[in-house]
Amino acid sequence: VQLQASGGGSVQAGGSLRLSCAASGRTFSRYHMGWFRQAPGKEREFVAAINWSGGATYYGDSVKGRFTCSRDNAKNTVYLQMNSLKPEDTAVYYCAATSRYSSIYYANEYDYWGQGTQVTVSS
């Protein structure tokens with residue numbers, strides 16, 4: 001699976017962005033998808049994940065209630081809607097795919113990664 005993330009940009013605090021991650025290949029619907037982010041000097045952080053069907057979603061504590069993860073298996077795409085953005089959300093955001101449902105919170109359990117898209121939130 002090859003992943004291509006897009007939709008990043010610069011926004012003021014309180015604004016919104018929607019990230020997309022397009023996957024190649026016909027097996028997209030077999031994978032659980034995750035979003036992670038990494039700010040300069042910090043470790044990669046779990047942001048959100050969604051199971052293969054879209055029936056279950058999971059969020060990191062810092063984004064709960066503000067971010068929404070969804071997917072469209074017909075379009076081989078997963079989305080991250082980010083609302084009420086804060087300066088501390090500034091990071092490079094990565095999408096990733098894993099076949100291991102029990103490990104969706106852990107970056108090192110993901111098999112495939114996109115290239116990352118920069119999100120910058122100014123105060």
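The values are calculated or read from the model by the stated rules, or taken from the named source; none is laboratory data. Here the structure is a predicted model, which is why all the values come from computation and not from measurement. As a convention, Cβ positions derive from the backbone with ideal geometry for all residues, glycine included, and neighbour counts pool all protein chains shown. The protein model used for the area step is the full one, side chains on, heavy atoms only, and it has no ligands, DNA or RNA in it. Shrake-Rupley method; radii C 1.70, N 1.55, O 1.52, S 1.80 Å.
Counting only protein heavy atoms, what percent of the accessible surface of the chain is carbon or sulfur at a 1.4 Å probe? It is 45 percent, rounded to a whole number. Ranking TRP35, GLN2, SER62 by Cα position along the charge dipole of the stretch 1-110, where only Lys, Arg, Asp and Glu carry charges on their C-beta atoms, puts GLN2 farthest toward the positive end.
Across the stretch 27-36, computed HN-Hα scalar couplings (Karplus, 6.51 cos²θ - 1.76 cosθ + 1.60, θ = phi - 60°) run 9, 3, 5, 7, 9, 7, 10, x, 10, 10 Hz from first to last residue, x flagging Gly and Pro. Here the dipole of the chain is about 260 debye; that uses its Cα centre as origin and unit charges on the Cβ of Lys and Arg (positive) and Asp and Glu (negative). For LYS64, the aspartates and glutamates whose Cα falls under 17 Å of its own Cα, not counting residues fewer than eight places away in the same chain, are GLU45, GLU88, ASP89.
Fully extending the segment from ASP111 to GLU88 would add 5.6 nm, taking 0.36 nm per residue of separation and subtracting the current Cα-Cα distance. Counting charges near ASN83 (Lys, Arg +1; Asp, Glu -1) among other residues having Cβ under 13 Å from its Cβ returns a value of +3. Shown in residue order for the stretch 9-19 are the 3J(HN,Hα) couplings computed by the Karplus curve 6.51 cos²θ - 1.76 cosθ + 1.60 at θ = phi - 60°: x, 10, 8, 7, 3, x, x, 9, 9, 10, 8 Hz (x for Gly and Pro). Local charge for ALA107 was computed over the other residues whose Cβ lies under 15 Å away, with Lys and Arg +1 and Asp and Glu -1, and equals 0.
Within the shell defined by Cβ-Cβ distances under 13 Å, the residues around GLU45 carry a net charge of -1, with Lys and Arg each +1 and Asp and Glu each -1. Alpha-carbon geometry of the chain: the Rg and the Dmax are 13.2, 41 Å, given in that order.
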